[in-house]
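To keep things clear, I will list the structure first and then write my remarks on it.
The values are calculated or read from the model by the stated rules, or taken from the named source; none is laboratory data. Keep in mind the model is a prediction, meaning the values are calculated, not measured. Neighbour counts run over all protein chains shown; Cβ positions are idealised from the backbone, glycine included. Heavy atoms of the whole protein, side chains included, go into the accessibility calculation; ligands, DNA and RNA do not. Shrake-Rupley method; radii C 1.70, N 1.55, O 1.52, S 1.80 Å.
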Amino acid sequence: MPRELTQNRIQKIWVPTKDDKPAPRRAACAPHFANPPTVIVMVGLPARGKTYMSKKLTRYLNWIGMPTKVFNVGEYRREAVKNYSSYDFFKSDNECAVKIRQQCALAALRDVKSYLKEEGGQVAVFDATNTTRERRDMILQFGSENSFKIFFIESVCDDPSVIASNIMEVKVSCPDYRDCNKNDAMLDFQRRIECYKTSYQPLDPNQYDRDLSFIKVIDVGRRFLVNRIQDHIQSKIVYYLMNIHVQPRTIYLCRHGESTDNVEGRLGGDAGLSPRGKQFSDALARFVEEQQLKDLKVWSSQLCRSIETAEHLGVPYEQWKALNEIDAGICEEMTYDEMKEKFPEEFALRDEDKYYYRYPAGESYQDLVQRVEPVIMDLERQENVLVICHQAVMRCLLAYFLDKSAEEMPYLKCPLHTVLKLTPVAYGCKVESISLNVEAVNTHRDRPEEMKKGPGTLIRRNSVTPLTSPESNIKKPRIDDLDESPIQELPPPVASLALCSPSHLPITLAGQHWLGKVCLRTILQYLKAVSLFVFQRT
Amino acid sequence: FSSVPQFCNSPTMIVMVGLPARGKTYISKKLTRYLNWIGVPTKMFNVGQYRREAVKIYKNFEFFKPDNEEAMRIRKACAAAALKDVAAYFSKEQGQVAVFDATNTTRERRTVILSYAKERGYKVFFVESICDDPEIIAENIKQVKFGSPDYVDRNVDEAMEDFVQRIDCYRASYMPIDDEKDRKLSYIKIFDVGSRYLVNRVQDHIQSRIVYYLMNIHVTPRSIYLSRHGESELNLSGRIGGDSGLSPRGQKYANALAAFIHGQNIRELKVWTSHMKRTIQTAEALGVQYEQWKALNEIDAGVCEELTYEEIQQNLPQEFALRDQDKYRYRYPKGESYEDLVHRLEPVIMELERQENVLVICHQAVFRCLLAYFLDKPADELPYLRCPLHTVLKLTPIAYGCKVESFFLNIEAVNTHRERPVNVDVNRNPEDALQTVPDHI
């Protein structure tokens, strides 16, 4: 006897009637990607872009619905050793520093294990230098004990200008150097790199590491060596890494000009521009000219209102069907009031879980993410692009760039007649919102008050559920948010020590005297405290 | 503007590099098939074929000896002729990608190609296949060389011996792409049938897609089973689209499919369905885990959803005629075209390439798109491929192509195949329009 099927109310996915509980893996929009969890292990000297790649990759994987988290060992070290004094900490003969660093790596791995085994994580990115075979063998052992797949990403770069630029962009402003001026920071950091160089054993595809799965990224993506891809997710990771670049560029996102349907409050459809919409399109043309960009690509959807907007720019543009607005199925061209009247249940369900909700015979935001993924991949390859799209689509794209979760995505504010200018900066994205001063209706519906709770029990958590990249376990001052200045409060300076051995006195940095008196007993007490702290982390 | 995003502006030459029996032609053909399917006009130019034209009868490996001056001249001329045809393909036939399939094992030859391309503004991307595993090479020779016109009069042992010596002729002068000297070139090196890749200077979108494709294909033997859902209620009444359940006969088919699959004794079979009830009901009968792909949903007929062809003719006669004029590109109002479908299905194809044994339970238009990919059918044939209900197609990759076995599971079903009518004029009369509509209730 065949099992009875019912269509679940929010996602409109057919499931066997009895099996209505939130089973995690069944009805996915695309096959679930990875069974055993994967640990991505970064490898490379400092300032080779490991953290940049870790964060970007994590953001991408979370957006496509693969729960991923970065574990940055440097952060663990900063937790353990409150004040960084100088590069001497990284000298390979600095025995107690070596111990501390080892403990930090182990602590991070413990958190990796917990994330992958107990917290529903699928991918963990282990962001550290991992430059010695010894360290990597330890990680491989850890992977093997826990049945995790291991995939290495090594960044190799010897171009001094690239390295100097990296240091300036992200190291000089990092917490380690908060009391330093730029030049001193640069100098110290370069010496730090030297500490690693002597013991650096790159991945060896010919002999020692030939059975491992890895990608070597050489010279910021000029060349790649890819060894033994095991599965779908590693293939996608490789494809992603091969498409991203670090050239400065700007992405402009905007919606089409106000349409006649917008004016009537109708969803979807394929209407043309209202007079104000046309005004906006002209204003957009002027705006684009003022930006004085070289080689701007213009992309629009295949719906009339975007194309009309693009036409006003008077430049070549490309049409992407994938950029079309979310398909509202049977609710196409209705107003919200009409929808509420004709399909009250559907209306309520949508507010209950706007991300997963699929219009009958239409799409959900979840479907949109899948549809829009090739656009993201191509955007990564491009340089300056203006994307003229629609409200829901723009929310999807924005969620990718700004690392917003599925919860937040359907409520991101993307008003008509406003251009969002996105510029990659350090580890993230700077956003500027530019209104072109042409009036338009407001099409934004906030999350209804009663609905401000978690998703319903009927929701299946499955792939293609964007998640915000999780914060690390450690409470650290946030430096990602570049609009804020780094938090200045510091733990009491003297007793907390970066160095253990009195013979390793720090170099005196210009204008600053880092260490006061060094007392051996204090050092030992501190170490005890640190090791207790580290071991308790389970 | 273009209706699909531009993948490449300048034409691109993909230049294969490698000793004989390293899979260059295999890769060339597969890549060409894939690129054409996704809508990038691509053509393969196999220099060996030009040589077979020029030198009607192949005697033995001595033709390939590096000191055989006469033969050298002929071979150079063949390469030049092929290059000329590449240029003609780009300039006169609107080709976008040309795959130049030859050994191209010397720097000299590659330099000639690079200059030729540079003069004309073509981009060049090298694909080098490196393999020293004697087992793989022997297997390649067996699979494709024995059947080649060169060895038509020889028994397998003679052919093997001759071919091995042929390879040796190339070996002495083989200069692989050099990671130092050639660092400015764009290329991918494939080692040991995909165990490792070296990718250098990917220039643009199409090269990036090519690299991704090459990294996902494999040569492990496996079979792909394609089937439509069992007959549905809407099928019975001749209605298109919708999301109805199985008819009684459709349910019978689902059970028969389960028995058939069981009988095939397939190792680690993955089962994929769409998000539509009829495919899921079919999969349910198998009693195994299956995965739902929205990308496998039937073509969206927009305003024509759930109509019969008669109703479409009555309400939208012009649309009906336009569809017959260009069934591949025709997009239903508020719906999709076959062209859109191909685009939508591309991630499915990519994942199918990665997988091993898979059963895909889908729908008529989707089935046609997938079949066209595997059997290299062009866009004008695609919408008319025959994909009857209650029939499983088993596709097994072999040599340069795909073996197809068709299994009708002996459960009657309506015919849903509509041939292209003779009269496709927008002003045709209803009889002409409805001439090829299959019977239904």
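Just order A:394-406, B:57-69, A:83-95 by mean Cβ neighbour count inside 10 Å, highest at the front, would you? Numbers along the way, then the final one.
Values: A:394-406: 21.9, B:57-69: 13.7, A:83-95: 18.3.
Going by the mean number of other Cβ atoms within 10 Å, highest first, we get A:394-406, A:83-95, B:57-69.
To the nearest 20 Debye, how big is the dipole of region B:25-118 about its Cα centre, given +1 on the beta carbon of each Lys and Arg and -1 on that of each Asp and Glu?
Numbers: 18 positive and 9 negative charges, 30 e Å.
Its charge dipole is roughly 140 debye.
What average count of beta carbons from other chains do you get within 10 Å of the Cβ of residues in B:235-244?
Average neighbour count from other chains, rounded to a whole number: 1.
Looking at the square roots a ≥ b ≥ c of the eigenvalues of the Cα gyration tensor of region A:294-377, which shape do they give, rounded for a/c under 1.5, prolate if a/b is larger than b/c, or oblate? Before the final figure, lay out each step's value.
On the way: a/c = 3.54, a/b = 1.94, b/c = 1.82.
Prolate, because a/c is 1.5 or more and a/b exceeds b/c.
Taking chain B as the reference, fit the longest principal axis to its C-alpha atoms, fit the long axis of helix B:156-171 to the helix C-alpha atoms, and give the angle between the two in degrees, 0 to 90, nearest 10.
Tilt relative to chain B: about 60 degrees.
Could you work out the relative contact order of region B:1-130? I mean the mean sequence separation of Cα pairs under 8 Å and 6+ apart, divided by the number of residues, in percent. Walk me through the numbers on the way to the answer.
Working: 162 pairs, mean separation 66.4, N = 130.
Dividing the mean separation by the residue count of region B:1-130 yields 51 percent.
Amide H neighbours of B:VAL124 under 5 Å, at least 5 residues apart or on other chains, H built in the peptide plane: list them.
So B:VAL124 has HN proximity to B:MET13.
With axes computed from alpha carbons, what is the tilt in degrees of helix B:248-264 against the longest principal axis of chain B, rounded to the nearest 10 within 0 to 90?
30
Can you find, among B:PRO378, B:VAL348, A:PHE401, the residue sitting farthest towards the positive end of the charge dipole of the protein assembly as shown, where Lys and Arg contribute +1 and Asp and Glu -1 at Cβ?
Checking the options against the dipole of the protein assembly as shown, the answer is A:PHE401.
Considering only protein heavy atoms and a 1.4 Å probe, what is the carbon-and-sulfur percentage of the accessible area of region A:164-270?
Details: 1920 of 4330 Å².
The computed percentage sits at 44.
Can you find, among B:PRO430, B:ALA399, B:CYS362, the residue farthest towards the positive end of the dipole of region B:342-441? Put +1 on the C-beta of Lys and Arg, -1 on that of Asp and Glu.
Result: B:ALA399, furthest along the dipole toward the positive end.
Just grab the label-to-label distance for B:VAL112 and B:ALA77, each label 7 Å out from Cα along the Cβ direction, in nm (one decimal).
About 1.3 nm separates the two model spin labels.
Over region A:264-416, average the accessible area per residue using a 1.4 Å probe and give it in Å², no decimals.
37
Report, in degrees rounded to the nearest 10, the 0 to 90 angle that the Cα long axis of helix B:107-120 makes with the longest principal axis of chain B.
That helix lies at roughly 60 degrees to the long axis.
Quick one: accessible surface of B:ARG22, probe radius 1.4 Å, all protein chains present, in square angstrom to the nearest 10.
20
Among the aspartates and glutamates, which have Cα under 17 Å from the Cα of A:LYS82 when same-chain residues fewer than 8 positions away are ignored?
Answer for A:LYS82, where 17 Å is the Cα cut-off: A:ASP176, A:ASP179, A:GLU489, listed by chain and number.
To make sure I understand the rule: partners must be lysines, Cα under 20 Å from the Cα of B:LYS59, and not fewer than 8 residues away in the same chain. Which ones qualify?
Within reach: B:LYS76, B:LYS142, B:LYS145.
Can you give the FRET efficiency for A:GLN230 and B:ALA54, using 1/(1 + (r/R0)^6), R0 = 60 Å, r = Cβ-Cβ distance, to the nearest 0.05? Present the calculation step by step, with values, prior to reporting the outcome.
Working: r = 46 Å, r/R0 = 0.76.
With R0 = 60 Å, the Cβ-Cβ based efficiency is 0.85.
Let me confirm one metric for peptide B:198-211, namely the mean number of other chain beta-carbon atoms within 10 Å of its residues' beta-carbons. Provide the component values of the computation, followed by the final result.
On the way: counts 8, 10, 5, 4, 7, 0, 1, 5, 0, 1, 7, 5, 0, 6.
Across B:198-211, the average partner-chain Cβ count within 10 Å equals 4.
Which value, in nm² and rounded to one decimal, describes the direction-averaged projected area of the C-alpha convex hull of the protein assembly as shown? Don't skip to the answer; put the middle values down first.
Details: hull surface 178.9 nm².
Over every viewing direction, the Cα hull of the protein assembly as shown projects on average to 44.7 nm².
Straight-line reach only, C-alpha to C-alpha below 25 angstrom: list the lysines that A:LYS117 could link to, leaving out same-chain residues fewer than 8 apart.
A:LYS21, A:LYS50, A:LYS55, A:LYS56, A:LYS69, A:LYS149, A:LYS236, A:LYS404, A:LYS475, A:LYS476
Quick one: net charge of A:CYS180's neighbours, Cβ under 12 Å, K/R +1, D/E -1?
Working: positive: A:LYS171, A:ARG178, A:LYS182; negative: A:ASP176, A:ASP179, A:ASP184, A:ASP188.
With Lys, Arg at +1 and Asp, Glu at -1, the net is -1.
At 1.4 Å probe size, with the rest of the protein present, what percent of the exposed accessible area of chain B is carbon and sulfur atoms?
Details: 9530 of 19100 Å².
About 50 percent, which is the carbon plus sulfur part of the accessible surface.
What number in nm² do you get for chain B if you take the convex hull of its Cα atoms and divide its surface by four?
On the way: hull surface 94.7 nm².
Quarter of the Cα hull surface area: 23.7 nm².
Output the peptides B:367-377, A:211-221 sorted from most to least packed, where packing is the average of other Cβ atoms within 10 Å over each peptide's residues.
On the way: B:367-377: 21.3, A:211-221: 19.3.
Result, highest mean Cβ count within 10 Å first: B:367-377, A:211-221.
Please give the FRET efficiency for B:ARG171 paired with A:GLU119, using the beta carbon to beta carbon distance and R0 = 51 Å, rounded to the nearest 0.05. Mind showing how you got there, number by number?
Details: r = 55 Å, r/R0 = 1.08.
Using R0 = 51 Å, I get an efficiency of 0.40.
Less than 15 Å Cβ to Cβ from B:PHE146, Lys/Arg counted +1 and Asp/Glu -1: what total charge do the surrounding residues give? Write down the numbers at each step before the final one.
Working: positive: B:LYS142, B:LYS145, B:ARG154, B:ARG166; negative: B:GLU139, B:ASP150, B:ASP153, B:ASP157, B:GLU158, B:GLU161, B:ASP162.
Here the count lands on -3.
Mind giving me the FRET efficiency for B:GLU93 and A:LYS294? R0 is 30 Å, r the Cβ-Cβ distance, nearest 0.05 is fine.
On the way: r = 33 Å, r/R0 = 1.11.
Taking R0 as 30 Å, the efficiency between B:GLU93 and A:LYS294 is 0.35.
Tell me the relative contact order for region B:121-257 as a rounded percent, counting alpha carbon contacts under 8 Å between residues six or more apart.
Working: 106 pairs, mean separation 29.5, N = 137.
It rounds to 22 percent for region B:121-257.
By what distance, in whole Å, do the Cα atoms of region A:165-263 stretch along each of the three principal axes, largest value first?
Its Cα atoms span 67, 45, 21 Å along the three principal axes.
Students often get this wrong, so check it: of B:LYS29/B:LYS118; A:LYS297/A:LYS321; A:LYS216/B:LYS43; A:LYS216/B:LYS181; B:LYS24/B:LYS118, which have C-alpha atoms separated by over 27 Å?
Numbers: B:LYS29/B:LYS118 25 Å; A:LYS297/A:LYS321 16 Å; A:LYS216/B:LYS43 33 Å; A:LYS216/B:LYS181 20 Å; B:LYS24/B:LYS118 23 Å.
Over 27 Å apart, Cα to Cα: A:LYS216/B:LYS43.
Based on Cβ point charges of +1 for Lys and Arg and -1 for Asp and Glu, what charge dipole magnitude is obtained for the protein assembly as shown about its Cα centre, in debye rounded to the nearest 20?
Values: 132 positive and 132 negative charges, 551 e Å.
Roughly 2640 debye for the protein assembly as shown.
Let me know the charge dipole size of region A:348-440 about its Cα centre in debye, to the nearest 20, where only the beta-carbon of Lys, Arg (+1) and Asp, Glu (-1) is charged. Provide the component values of the computation, followed by the final result.
Working: 10 positive and 14 negative charges, 29 e Å.
In debye, rounded to 20, region A:348-440 gives about 140.
What is the spin-label model distance, in nm, from A:TYR196 to B:GLU233 if the labels are put 7 Å beyond Cα along the C-beta direction?
About 6.4 nm, to one decimal.
If a/c stays under 1.5 just call it rounded; otherwise compare a/b with b/c (prolate if a/b is bigger, oblate if not). Do that for region B:293-441, with a ≥ b ≥ c from the square roots of the Cα gyration tensor eigenvalues.
prolate
Which whole-number value in Å² is the accessible area per residue of region B:292-441, probe 1.4 Å? Numbers along the way, then the final one.
Numbers: 6300 Å² over 150 residues.
So region B:292-441 comes to 42 Å² accessible per residue, rounded to a whole number.
Checking an interface number: how much accessible area is buried between A and B, summed over both chains, with a 1.4 Å probe, in Å² rounded to 100?
Numbers: alone 25320 and 21190 Å², together 42330 Å².
Using a 1.4 Å probe, the pair buries roughly 4200 Å².
Where in region B:377-404 does the label zone of B:VAL156 land, with the point 7 angstrom along Cα→C-beta and an amide N cut-off under 13 Å?
Hits in region B:377-404 for B:VAL156 at 13 Å: none.
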